[in-house]
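Report on one structure; see the data block that follows.
The values are calculated or read from the model by the stated rules, or taken from the named source; none is laboratory data. Treat the numbers as computed from the prediction; the structure is a model and nothing was measured. Positions of Cβ are backbone-derived with ideal geometry, glycine not excepted, and every protein chain shown enters the neighbour counts.
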Amino acid sequence: MGKRAYLSSFLYTPSLTWMRVIDDKTVRVGLTQQICDCLKTMSGDEAGIVRCQLKPVGARVEQMEPFGVAKTKRISFELASPVSGRIKRVNKEVLNNPSILSRNPGEKWIVEIEPSNLEADVQRLLTPHQYREFCKHLWYFIRIQL
């Protein structure tokens, strides 16, 4: 991926979080539609996510390591950070009403992170095309497990 080619576009982790660069000091992170749909299916209701536990503002996060946990009525799912850095802001709307993630995950961010090594971190993320290909195989595996 060319330098700065990632600005204003979404990039993805294999653990199904997305990130979008707002500026050099801010990255927004959320859950993909695919994982929200899967969590709704596995929880057996439309609410999907009923609770989020997140690291506090100022906490250090590492790329591909958990910054929190999303919970449905039946399961918990770790939220992996797409970049290393510090949590700059937590979306209080999501904390107060986490089911909004299931309704509009591409528009609802969970945390903002101040990245510490953005240029290197984005090299290990999936582009939208790579993510679509990844999901084709992932959802086949999940379907046979359900």
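Numerical summary
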item	result
Hits in segment 60-73 - residues which are crowded, with 21+ Cβ neighbours inside 10 Å and part of a strand (DSSP E or B)	Val61, Phe67, Gly68, Ala70
Search result, residues across segment 11-29 that are surrounded by fewer than 19 Cβ atoms within 10 Å (Cβ to Cβ) and either part of a helix (DSSP H, G or I) or at pLDDT below 90 (or both)	Pro14, Ser15, Asp23, Asp24
Residue in segment 30-53 that is modelled with the highest pLDDT, counting only those that are assigned to a strand (DSSP E or B) and within 12 Å of the chain's Cα centre (by Cα)	Gly30
Lone unmet requirement of (1) touching a Leu at 6+ places or on another chain (Cβ under 7 Å); (2) touching a residue at least 24 places away in the same chain (Cβ under 8 Å) for Pro66	(2)
Residues of segment 72-106 that turn out to be of a type in the set (D, E, K, R) and free of Cβ contacts under 8 Å to residues at least 24 places away in the same chain, as a count	3
When residues of segment 74-118 are limited to those that are among the small types (Gly, Ala, Ser) and in a loop (DSSP other than H, G, I, E, B), the one modelled with the lowest pLDDT	Gly106
Failed condition for Leu138, given (1) in contact with a Lys or Arg (Cβ under 6 Å, 6 or more places away or on another chain); (2) modelled with pLDDT under 90; (3) among the aliphatic types (A, V, I, L, M)	(1)
Which numbered condition Val57 fails, given (1) exposed (fewer than 14 other Cβ atoms within 10 Å of the Cβ); (2) outside any helix (DSSP H, G or I); (3) in contact (Cβ under 8 Å) with a residue 40 or more places away in the chain	(3)
Segment 119-130 - residue that is assigned to a helix (DSSP H, G or I) and among the aliphatic types (A, V, I, L, M) and, of those, nearest to the chain's Cα centre (by Cα)	Val122
